[in-house]
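A short write-up of the structure that comes next.
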Amino acid sequence: MKIKLKLTFGVGLLFVLIILLAAVSIRYVNGLKSDTENILTANYNTLQYARNMLISLEEFGRNPQAAYDFGHNLEKQKGNVTEIGEDRVTGQVGAHFEALRQMPQDSALRSAIRRDIAELMEINMLSIEKKSGIANQTAESAVIWISLTGTLCFLIAFTLLVNLPGSIANPIEELTGSIQAIAAQRYHQRVHFESHSEFGALARSFNTMAEKLEEYANSKLEKILKENKRIETLISNIHDPIIGIDEEKKVLFINDEALNITGLRRPDALGRTVRELSVGNDLIRMLARDLLNPENGAGEAKPIKIFADRKESYFEKEIIEIRILPTGEETYQSIGHFIWLRNITPFKELDFAKTNFIATVSHELKTPISSIQLSLDLLDHKSTGELNSEQHKLVESIREDNVRLLKITRELLNMSQVETGNIQLKKQYVLPEEIVGLAVDATRGQAEQKRVLIRRAFASDLPVLNVDQEKTAWVLINFITNAIKHSAEGGEILLTLRNTDNTVTFSVRDYGPGIEAGYRSRVFERYFQIPGGAKGGTGLGLSISKDFIESQGGTIGVDSTVGEGSTFYFSFPV
Ligand code: ADP
């Protein structure tokens, strides 16, 4: 049944019941009223007239008004005859009263009239008694019928009270629960109402909606699963080892390449924390070091050499944090990391080939360049004939170029030795001042050419060092050559030797243009030259210097202020 009909029916029924109750009550109250009215008009008035007639009868003969009163009341009584026998007795009273008018002294007539009036009163009193019985009966049946109707109304109203609110509220309650379930993504939720009311239609619409949502959610899930598979396939087909870690540092996925180099089996790795895995696996420990101890900071990004599949491979480690912005929030959240090892073996192999090539070429070039040098010396010698000034200039220019060529081939050779790990250190005990002496002697010509003054400031108690004298002097020469190159004509350079905390520091200070902060660490990289700087170098000098100093256990660096000059230094522990 429709809710509207149900409500109309319920309220209508109550309405009808109220009317029924009112009608029954009115009917009985009316019945009672007519009963009492009947007694009043039909009998009470007669008694009144009879009483008046008795009083008038007593006065009759003495008071002329009495005859009139009697006649008047008798007339009224004649008009109020209601009971059986009352007409006859009233007639008798009239007849006897007429006879008494003729013979006023006849006491027998008076007695007869009294008897008639008494009979009249008795008839009416009996009638009152009878009618009052009827009125009582009416009142009793009124109580019964009103009670019955009231009970019926109460029962019907109570039934409505119990059923009607529930029949409306229960489906709403069930629907609310189901909507909440759907909101919580429990799309299998359905509602079941009897099907004829508006709620039935609502339930059918709701169930259709839930079904569609379920279908959509399933298709979305399928899509997500497919996406997931696609990403997994992509990751497993990448030739670089990749390990995915969640926010609790548990392994989420690991591709075949990563399994290959770590020697792990997938079921052993998945779901375990990297800390657990690193206990029995050195490589995992090394790879996850930055993740497990973030307070140590990122270590130096050196290529990692791994021996797997019967060959050496080189990898560059990168740890990528996965950060997401949850819907409705403003701060990013970390949900894990990727450990990505980029396989740089092909580049390394190319690099080796290049280094070997440079080593071979520079080695091969050294001999002809040296013989050119020798030939130039011979050309300059008197025994080969006098040169005119033009020829002399040409020879000098060839010599300068040859010196540069020799320097470049030496630097290239040094670099290739460093890169192939073939640095041969010839360590010996030597005084720092001696090394500085060698370097200053080698650069004197250049300094004089540019009129640069080389000043020295040495500490007095300098200890003997155990270093490769030639390579250290080479570094110092490189520093001084650079300083001269970047000094103005007629400028000056300061060489200092310090001994602090058992560390001897060599430094070369110039008053040139200085180096911008962004380039300070980069000048020690291979082939790096400051953009817009002096041309003609190779960008190798400082990088080789770094390798030479570090291979002897020393440290190297630069301090510089733009516009005020630079100080290049290296130091050795004593
Ligand atoms: P190069 O052979 O080009 O001099 P280096 O490795 O010796 O190579 O130097 C690298 C770069 O550092 C150079 O390009 C140069 O611009 C810069 N540099 C080196 N020494 C100084 C210095 N004393 N003052 C300013 N810049 C310098």
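The residues listed here are E411, E396; of these, the one that is of a type outside the set (F, W, Y), at pLDDT 85 or above, assigned by TED's automatic domain parsing to the domain that holds V361 and open to solvent by less than 70 Å² (accessible area, probe 1.4 Å) is E396.
Taking segment 284-343 as the search range and keeping residues that are among the hydroxyl-bearing types (S, T, Y) and out of contact with any Lys or Arg (no Cβ under 8 Å at 6 or more places or on another chain), which one is surrounded by the fewest Cβ atoms within 10 Å (Cβ to Cβ)? If we take residues in segment 284-343 being among the hydroxyl-bearing types (S, T, Y) and out of contact with any Lys or Arg (no Cβ under 8 Å at 6 or more places or on another chain), then T327 is surrounded by the fewest Cβ atoms within 10 Å (Cβ to Cβ). Between N466, N482, the distinction of being open to solvent by 20 Å² or more (accessible area, probe 1.4 Å) and either within 13 Å of the ligand (Cβ to nearest atom) or more than 26 Å from G553 (Cα to Cα) (or both) belongs to N482 only. Determine if segment 338-350 includes at least one residue that is free of Cβ contacts under 8 Å to residues at least 40 places away in the same chain, touching a helix residue (DSSP H, G or I) at 6+ places or on another chain (Cβ under 7 Å) and farther than 30 Å from I408 by Cα. Within segment 338-350, none of the residues are free of Cβ contacts under 8 Å to residues at least 40 places away in the same chain, touching a helix residue (DSSP H, G or I) at 6+ places or on another chain (Cβ under 7 Å) and farther than 30 Å from I408 by Cα.
Of the residues L5, L32, L20, the single one that is out of contact with any Lys or Arg (no Cβ under 9 Å at 6 or more places or on another chain), open to solvent by 70 Å² or more (accessible area, probe 1.4 Å) and in contact (Cβ under 8 Å) with a residue 24 or more places away in the chain is L20. Among the numbered conditions (1) within 16 Å of the ligand (Cβ to nearest atom); (2) of a type in the set (V, I, T); (3) part of a loop (DSSP other than H, G, I, E, B), the only one that I493 does not meet is (3). For segment 268-289, the count of residues that are at pLDDT below 90, more than 30 Å from F352 (Cβ to Cβ) and among the acidic types (D, E) is zero. Look at T138 and say whether it is surrounded by 15 or more Cβ atoms within 10 Å (Cβ to Cβ), out of contact with any strand residue (DSSP E or B) (no Cβ under 9 Å at 6 or more places or on another chain) and assigned by TED's automatic domain parsing to the domain that holds G91. Yes, satisfied. Taking residues in segment 60-87 that are on the phi > 0 side of the Ramachandran plot, and partners anywhere that are of a type in the set (D, E) and open to solvent by 20 Å² or more (accessible area, probe 1.4 Å), the pairs with Cβ atoms closer than 9 Å and at least 6 places apart or on different chains are G85/E119.
Checked against (1) within 30 Å of Q65 (Cβ to Cβ); (2) open to solvent by less than 30 Å² (accessible area, probe 1.4 Å), T41 passes all but condition (2).
Can you find a residue in segment 107-124 that is over 19 Å from Y49 (Cα atoms), surrounded by 14 or more Cβ atoms within 10 Å (Cβ to Cβ) and either touching a residue at least 60 places away in the same chain (Cβ under 8 Å) or not assigned by TED's automatic domain parsing to the domain that holds R27 (or both)? Checked segment 107-124: no residue is over 19 Å from Y49 (Cα atoms), surrounded by 14 or more Cβ atoms within 10 Å (Cβ to Cβ) and either touching a residue at least 60 places away in the same chain (Cβ under 8 Å) or not assigned by TED's automatic domain parsing to the domain that holds R27 (or both). Within segment 538-574, the set of residues being buried (at least 18 other Cβ atoms within 10 Å of the Cβ), assigned to a loop (DSSP other than H, G, I, E, B) and near the ligand (Cβ under 9 Å from one of its atoms) comprises L540 only. Any residue that is more than 24 Å from V93 (Cα to Cα) and either of a type in the set (D, E) or in the same structural domain as T159 (by TED's automatic domain parsing) (or both) - is there at least one of those in segment 36-56? Looking for residues that are more than 24 Å from V93 (Cα to Cα) and either of a type in the set (D, E) or in the same structural domain as T159 (by TED's automatic domain parsing) (or both), one finds at least one in segment 36-56, hence yes.
Matching residues to (1) part of a strand (DSSP E or B); (2) more than 16 Å from the ligand (Cβ to nearest atom); (3) in contact with a Pro (Cβ under 7 Å, 6 or more places away or on another chain); (4) open to solvent by less than 80 Å² (accessible area, probe 1.4 Å):
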residue	(1), (2), (3), (4)
F357	no, yes, no, no
Q373	no, yes, no, yes
I423	no, yes, no, yes
Y429	yes, yes, no, no
I435	no, yes, no, yes
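Just so you know, in segment 375-393 the residues that are among the small types (G, A, S) and in a helix (DSSP H, G or I) include one that is surrounded by the fewest Cβ atoms within 10 Å (Cβ to Cβ), and it is S383. Exactly one residue out of R498, R509, R526 is in a loop (DSSP other than H, G, I, E, B), more than 8 Å from the ligand (Cβ to nearest atom) and open to solvent by 20 Å² or more (accessible area, probe 1.4 Å), and it is R526.
Consider segment 191-246 and keep the residues that are among the aromatic types (F, W, Y) and open to solvent by 30 Å² or more (accessible area, probe 1.4 Å). The one that is farthest from F338 (Cα to Cα) is F193. Tell me, yes or no, whether segment 450-462 has at least one residue that is in a helix (DSSP H, G or I) and within 16 Å of the ligand (Cβ to nearest atom). No, every residue in segment 450-462 fails to be in a helix (DSSP H, G or I) and within 16 Å of the ligand (Cβ to nearest atom). For I515, are the conditions met, namely being near the ligand (Cβ under 8 Å from one of its atoms), at pLDDT 85 or above, β-branched (V, I, T) and open to solvent by 20 Å² or more (accessible area, probe 1.4 Å)? It is false that I515 is near the ligand (Cβ under 8 Å from one of its atoms), at pLDDT 85 or above, β-branched (V, I, T) and open to solvent by 20 Å² or more (accessible area, probe 1.4 Å).
The values are calculated or read from the model by the stated rules, or taken from the named source; none is laboratory data. The structure displayed is predicted, hence computed values, not measured ones. Cβ sites come from the backbone with ideal geometry, for glycine too, and all protein chains shown count toward neighbours. Surface areas here come from the heavy atoms of the whole protein model, side chains and all, with no ligands, DNA or RNA. Shrake-Rupley method; radii C 1.70, N 1.55, O 1.52, S 1.80 Å.
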